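The values are calculated or read from the model by the stated rules, or taken from the named source; none is laboratory data. Note that this is a predicted model, so its numbers are computed, not measured. Neighbour counts are summed over all protein chains in view; Cβ atoms, including those assigned to glycine, are modelled from backbone coordinates with ideal geometry. Each accessible area value is taken on the protein alone, full model and side chains, heavy atoms only, with ligands, DNA and RNA left out. Shrake-Rupley method; radii C 1.70, N 1.55, O 1.52, S 1.80 Å.
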Amino acid sequence: MAQNTVPSSSATPLDPIIPNSNSNSFSIDRTSSRPAATMSTSTSKPPPPLDSSNYPNGKKSLAGISLRAFLLGTTLGLSSSLTIVLRFLETPLWRIPFFLASLALFHFLEYYVTAAYNTRYANISAFLLSSNGWAYNVAHISAALECLLAQHFWPTAGYLNWGAIAPGLKIQVALGLVLMIIGQVVRTLAMVQAGSNFNHTVQVERKEDHRLVTHGIYSVLRHPSYFGFFWWGLGTQLVLGNVVCFMGYTLVLWRFFSSRIFREEKFLIAFFGDDYVEYKKRSWVGIPGIH
């Protein structure tokens, strides 16, 4: 008698044997759907290369970018909520969380627009959280402190009460809000329209793809990002009701942009020659005293 044997796992599986119903014979089913054993020939691919600047402590650290975006978003959400609550309680201190929310939105948009329209320069410094130096942070802290102290010790001071254009809406607050909205929209639009030609630092060498942008908002303002930040900054101080910081912001921002524009335009004339000279004649800066 023949002995049945079981094939080892390494052997090729046999086709199933099916008995014929009308006879004592058997047939082999070669239409079985069971796949035959095959030897895998695929090899694992190496992971795609990663820019070293994306690692922690790099200029484009993904961990650093996500952390900053998270903190700015949290600040924006909490500050906006606190602004609404304090405004509902009719306390003038709503201005301080509103100021923080405005700062959070501004710095987030600086990075987001850079990442979307000028991806090459989308690094951590594009948030502008630390690249402006200590004086920038001191200015904003001073603004919040002046508002807090003025509202606490001199709540009825004349410079805080210019009158109201509607119940609960003072003139200087309304004017400040208008300047902030115009400033933020103009600056963001300028970054979008300039695209890869925009940079947060003055360029001293012309790159191959550097183009003179004269369309859109640039057809009217030749430095719309500076225009936007100047008036946005002054608008924040009007909303806060500050006098000392309003004068300080005006002086510091005017001196900064006056010096920066003078220096930057020397390079732009060197880059584009008569084209920039003619463009300069038909456009304006939009900051008083700077031509």
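So that you can scan it fast, the table gives a plain yes or no per residue for (1) at pLDDT 90 or above; (2) in contact with a Lys or Arg (Cβ under 6 Å, 6 or more places away or on another chain); (3) part of a loop (DSSP other than H, G, I, E, B); (4) under 24 Å from Ala104 (Cβ atoms):
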{"site": "Ala11", "(1), (2), (3), (4)": "no, no, yes, no"}
{"site": "Ala36", "(1), (2), (3), (4)": "no, no, yes, no"}
{"site": "Pro49", "(1), (2), (3), (4)": "no, no, yes, no"}
{"site": "Lys59", "(1), (2), (3), (4)": "yes, no, yes, yes"}
{"site": "Leu67", "(1), (2), (3), (4)": "yes, no, no, yes"}
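Of all residues assigned to region 119-134, none qualifies as being in contact with a Leu (Cβ under 7 Å, 6 or more places away or on another chain) and open to solvent by 20 Å² or more (accessible area, probe 1.4 Å). A single member of Thr119, Thr114 is within 15 Å of the chain's Cα centre (by Cα) and free of Cβ contacts under 8 Å to residues at least 24 places away in the same chain, and it is Thr119.
I'd like to check something: does region 269-283 contain any residue that is surrounded by fewer than 16 Cβ atoms within 10 Å (Cβ to Cβ), modelled with pLDDT of 95 or more and within 30 Å of Val138 (Cα to Cα)? No; the residues of region 269-283 include none that is surrounded by fewer than 16 Cβ atoms within 10 Å (Cβ to Cβ), modelled with pLDDT of 95 or more and within 30 Å of Val138 (Cα to Cα). Within region 205-236, being within 18 Å of Phe257 (Cβ to Cβ) and surrounded by fewer than 17 Cβ atoms within 10 Å (Cβ to Cβ) holds for one residue alone: Val220.
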